Amino acid sequence: MMGCDEKVAKYFTFHFWAREDGVFLPSSYYSKVYEVLKSLLATEQFTISPIKTKNKKEVEDGVWVFEDFRIYLATPFLEFVTQNILKIYESLNGLFEGIYLKKISCRSQQPKASGNLISGVFAQKDGVCLEYDRQPEIFSEVLRRQLLNIYCQRFGVYPEDQRFFFVIKDGLKKQHLIKSRIEYFGRYEIFASGDLLDMFCQMFCVK
């Protein structure tokens, strides 16, 4: 079902197949997949991508998918996924009528200080979503603290070098499909310590 090597960031790929004549998914598909995974993984420390494929047609209230498409998942807590891989497969395989999950794979990604966001980046302070397009510097600082907390959860200590600054250079896209997150996509650049760059690329899918 899956294989994975031992590099820094690892992204799980859900390979789906839809009927050749197409299946319509309302925009809520994104939050539906997220909520299923959150329940199975018992954590919110992960992100998913929107549907990735050439075989789709986006419309105002959703997307038509044809044949194969993919959704990516990133998390620093890989064991939560691997320990529940069969439950994830069973739950996602029957989630949408006319669509089945062919396989789950895993690929490695070296940390990138600049690139494209495949899953949306978000920042929260005291349960409130911050908006990058309104306060980019504050968003970056809250994101830095967020990554520090995730690092501490993962390793039990904070990194010595805590430098981190995040910017979306172009192609900014905003979405609010998950109630607890306002997510941003685009071409990003990061100025950071190696530890926090690694953690960013483990929490968010990039390429």
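The values are calculated or read from the model by the stated rules, or taken from the named source; none is laboratory data. Computed from a predicted model, the values in this text were never measured in an experiment. For neighbour counting, all protein chains shown are included, and Cβ atoms are generated from backbone atoms with ideal geometry for every residue, glycine included.
Quick one: VAL142 ticks every box in (1) surrounded by fewer than 16 Cβ atoms within 10 Å (Cβ to Cβ); (2) without any contact (Cβ under 8 Å) to a residue 24 or more places away in the chain bar one, so which box is it?
Condition not satisfied by VAL142: (1).
If I ask for residues that are under 14 Å from the mean Cα position of the chain (by Cα) and not aliphatic (A, V, I, L, M), which ones from segment 181-207 would you list?
Going residue by residue through segment 181-207, those that are under 14 Å from the mean Cα position of the chain (by Cα) are 181-186, 199-207.
Answer for segment 181-207, where residues must be under 14 Å from the mean Cα position of the chain (by Cα) and not aliphatic (A, V, I, L, M): ARG181, GLU183, TYR184, PHE185, GLY186, PHE200, CYS201, GLN202, PHE204, CYS205, LYS207.
Output the number of the condition that TYR158 fails; it satisfies all remaining conditions of (1) in contact with a Cys (Cβ under 8 Å, 6 or more places away or on another chain); (2) under 26 Å from TYR30 (Cβ atoms); (3) without any contact (Cβ under 8 Å) to a residue 40 or more places away in the chain.
(2)
Applying the selection to segment 148-207, what residues are part of a loop (DSSP other than H, G, I, E, B) and aromatic (Phe, Trp, Tyr)? It would help to see each step written out before you state the result.
Narrowing segment 148-207 to residues part of a loop (DSSP other than H, G, I, E, B): 156-163, 179-180, 193, 204-205, 207.
Within segment 148-207, TYR158, PHE204 meet the criteria.
For segment 33-52, give me each residue that is surrounded by 15 or more Cβ atoms within 10 Å (Cβ to Cβ) and either at positive phi or among the aromatic types (Phe, Trp, Tyr) (or both).
Residues satisfying the conditions are TYR34, PHE46.
Scan (1) closer than 30 Å to GLN146 by Cβ; (2) without any contact (Cβ under 8 Å) to a residue 24 or more places away in the chain for the single condition LEU86 breaks and write down its number.
Single failed check for LEU86: (1).
Within segment 106-139, work out how many residues are surrounded by fewer than 19 Cβ atoms within 10 Å (Cβ to Cβ) and more than 15 Å from the chain's Cα centre (by Cα).
17
Residues of segment 151-206 being loosely packed, with under 13 Cβ neighbours inside 10 Å and either farther than 25 Å from PHE12 by Cβ or not assigned by TED's automatic domain parsing to the domain that holds GLY120 (or both), which ones?
Across segment 151-206, the qualifying residues are VAL157, TYR158, GLU160, ASP161, LYS169, ASP170.
Being in a helix (DSSP H, G or I) and of a type in the set (Asp, Glu) is the filter here, so list the residues in segment 63-93 that pass it.
GLU79, GLU90
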